[in-house]
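The values are calculated or read from the model by the stated rules, or taken from the named source; none is laboratory data. Note that the coordinates shown come from a computational prediction; the quantities given were computed from them, not determined experimentally. So basically every Cβ, Gly included, is an ideal-geometry build from the backbone, and we count neighbours across all protein chains shown. We work out accessible area using only protein heavy atoms, side chains counted, and drop any ligands, DNA or RNA first. Shrake-Rupley method; radii C 1.70, N 1.55, O 1.52, S 1.80 Å.
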Amino acid sequence: MLTNNLEMMQYASRHGFAIPAINTQGGNYDIIRACCKAAQEMKSPMILAHYVSTGAYSGNDWFVETAKWCAGKVDVPVSIHLDHGDGFDICMEALRLGFTSVMIDGSTKPIKENARMTNEVIKVAKRFDVPVEAEIGELLRLDNGVPLENKNIASPQEVREFLSLCQPDTLAIGIGNAHGYYRGTPDIHLEVLEEVRKFTDIPLVLHGCTGMDHQVIQEAIRLGVAKINFGTDIRYKYVEHYKEALDTLDHQGHSWKLSQFASDALAEDIKDIIRLSMSEGKA
């Protein structure tokens, strides 16, 4: 069932679990189906995430309509989320299209500018009853491993200043995490979350979970992270499953047989993410 995820995230942050947020590669039906199938079978809430650059092929409206349709086929809470919206206009488009959660990412801006951008989106999103995620501490994007420095580590003082200027519903904080595959062990600064927890109970979000140590992720959840994001691992595993289907099935050119095989296999991978998030049975 399609939902607004805020109440569930607030509940999750208080009760020691997180909601998986899976990047659906621009509304890929096989991936969305796998997310909803895994969530239904494990009785977990689920967030279907959409990154605008991956929607260039299918269209942002395709993602919304496909996600809504799939969400309507299950009885667990499913929300549809704009990930890393980089400005007011794309957030407004998301609200018009029917996203039930949006992220405004002003993390590359100075704190006051980031807060101003966030407040602009919050003002409108409230009219749609849609929660807003913000970010402080620019998230690194990796193509070939970890860069030489973690420039995205936000200080608790910066978080405090940001929250004094705006009040998003949820907050992603840079703690050394990054998009992509890490080379070696990432230097994740959980002490930032510990300090932030001393002055706010806002649900927190952890991006860049692919390849992160599971113990680190679960400790972050205990510190109030209520949403964990996965993208890189999902897209690679989907392609691997599809290739396995091509190589092993007597598919006779039926693309739906390939898609079903890849989607069913991916659902099992997503179940592992649900177990990691400790959200099984929480729907």
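At-a-glance table
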read-out: Search result, residues across the range 5-19 that are crowded, with 22+ Cβ neighbours inside 10 Å and within 23 Å of Asn60 (Cα to Cα); value: Asn5, Ile19
read-out: Among the candidates Thr200, Thr210, residue that is over 16 Å from the mean Cα position of the chain (by Cα) and assigned to a loop (DSSP other than H, G, I, E, B); value: Thr200
read-out: Residue count, the range 234-281 (criterion: closer than 20 Å to His207 by Cβ, outside any helix (DSSP H, G or I) and of a type outside the set (Ser, Thr, Tyr)); value: 1
read-out: Of the criteria (1) on the phi < 0 side of the Ramachandran plot; (2) modelled with pLDDT of 95 or more; (3) open to solvent by 20 Å² or more (accessible area, probe 1.4 Å), which one Tyr51 fails; value: (2)
read-out: Any chance Ala39 is over 19 Å from Gly281 (Cβ atoms), modelled with pLDDT of 95 or more, assigned to a helix (DSSP H, G or I) and not basic (Lys, Arg); value: no
read-out: Qualifying residue in the range 221-238 (condition: under 22 Å from Thr54 (Cβ atoms) and more than 19 Å from the chain's Cα centre (by Cα)); value: no
read-out: Residue that is surrounded by the most Cβ atoms within 10 Å (Cβ to Cβ) [pool: residues in the range 220-272 that are small (Gly, Ala, Ser) and without any contact (Cβ under 8 Å) to a residue 12 or more places away in the chain]; value: Ser255
read-out: Meets criteria (within 23 Å of Thr108 (Cα to Cα), open to solvent by less than 10 Å² (accessible area, probe 1.4 Å) and assigned to a helix (DSSP H, G or I)) for Val205; value: no
read-out: So Arg96, is it open to solvent by 80 Å² or more (accessible area, probe 1.4 Å), assigned to a helix (DSSP H, G or I) and either modelled with pLDDT under 95 or within 21 Å of Met1 (Cα to Cα) (or both); value: yes
read-out: When residues of the range 20-36 are limited to those that are in contact with a helix residue (DSSP H, G or I) (Cβ under 7 Å, 6 or more places away or on another chain) and assigned to a strand (DSSP E or B), the one most open to solvent (accessible area, probe 1.4 Å); value: Asn23
